[in-house]
Structures are given as structure tokens and as C-alpha cells.
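First comes the structure, then the notes that go with it.
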Amino acid sequence: MEYIFTLKYQLADHDCDPDALVERLGAAGCDDALVGVGLPGRLALEFSREADSAEVAMRSALSDVKSAVSSARLVEASPDLVGLTDVADVVGVSRQAMRKLMLSHRATFPVPVHEGSASIWHLAEVLEWLKGRGGYTIDAGVLEVAKVALTVNIAKETQRHPVHTGGDMELLTA
């Protein structure tokens, strides 16, 4: 099956030559990705990778990028963090319909990762919720990729911010 996902990286100063990056990425097996280097010090790769599962596709892409650009630090795997407009696009409804659905089901709609003037959710959680409600066409491949992207992002953040032992975790369950 073909899986579509994006990996975004922060680059070291010595790894910012776009032509050299594209050459190394291609040689490392990333020839199935569109390479974007628009922001200085950043690299985005939109993969369209054939694999037996989304996990295999994303893990192999992560490994290929690491072998080509060992100094690259993963910023985000996507699709994961999304606004209501993004969810509406994935599901094929209007943003207004998605907002109405979220507001009319406050008690059961997934909790946002960030709430404010621009709230964001984990796409996998919202798609699972919609799937459970029925009546929505949820692409199984997109849901599978969103779940893997969520897992990758949580693992990345856990490495960046390890949990210290002590009473800190009690705050999360209070």
C-alpha cells in the first residue's frame, strides 16, 4: 500500500546546501519524497512510500533520512497536529460543519492538544472519534498514518523532555 506523510527536520548549519541535501537524500533511498528547503535551517520531506504498513513506511523513511543527514533533528511527523479546517478537509465536510460537531459534542469530542484562538488536535484521535460515530468516510490509510505520526511525535517529545520521577505525574491525574 502507498502511504503519504511528511517529516520535518531542523538542520545543522553545515547541512544547509539544498543541492547536496537532495543528492544525499536520493542516494539514501528518499527518492520517493518531495524535498522542501524553503525555511533556512529546515527540511521538509513529503513521502509517498510503498510498504506493508504505515509504521514500516514511516520508520524506513526516518532511518533513510537519518543515514543521509545524521545531524537532522526531527521537528514533526505529520499528519498529526491539525486544526478543525484540516480535519474537515480530510473528512470531506465544511469547517463550519466540523466546528458545529465539535461544539455540540463537547463532552465526548477529543480534547485539543492546545486550546486557544487556534486550537489543535491529534488527527488520529479525531478520526477515531468520527469513525466511532459512524456516517463519515474515514480513509483507513490516512488514519493508520495519523496514528503512526502521533506515536513518532510522542516518542520524540518524550526523548526531548524525559519525565522525572517524583510527584510530577500526580498533577496529570488530579
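The values are calculated or read from the model by the stated rules, or taken from the named source; none is laboratory data. This is a predicted model, so every value here is computed, not measured. With ideal geometry, Cβ positions are generated from the backbone for all residues, glycine too; neighbour counts draw on all protein chains shown.
Remarks
- Pick from segment 69-102, criterion charged (D, E, K, R), within 25 Å of Ala33 (Cβ to Cβ) and part of a helix (DSSP H, G or I), ranking: farthest from the chain's Cα centre (by Cα): Asp89
- Some residue of segment 108-120 being outside the structural domain of Ser48 (by TED's automatic domain parsing), more than 17 Å from Asp80 (Cβ to Cβ), surrounded by 15 or more Cβ atoms within 10 Å (Cβ to Cβ) and at pLDDT 90 or above: yes
- Qualifying residue in segment 77-87 (condition: farther than 23 Å from Thr137 by Cα, of a type in the set (S, T, N, Q) and at pLDDT 95 or above): no
- Under the condition of being of a type in the set (A, V, I, L, M) and under 18 Å from Pro112 (Cα atoms), the residues counted in segment 126-147 number 5.
- Lone qualifier among Gly36, Gly41 - being among the small types (Gly, Ala, Ser) and in contact with a Cys (Cβ under 8 Å, 6 or more places away or on another chain): Gly41
- None of Ala124, Ala72 is assigned by TED's automatic domain parsing to the domain that holds Asp13 and either touching a helix residue (DSSP H, G or I) at 6+ places or on another chain (Cβ under 7 Å) or touching a residue at least 40 places away in the same chain (Cβ under 8 Å) (or both) except Ala72.
- Entry remark, segment 103-142: residues being in a loop (DSSP other than H, G, I, E, B) and under 17 Å from Gly92 (Cα atoms) number 6 in total.
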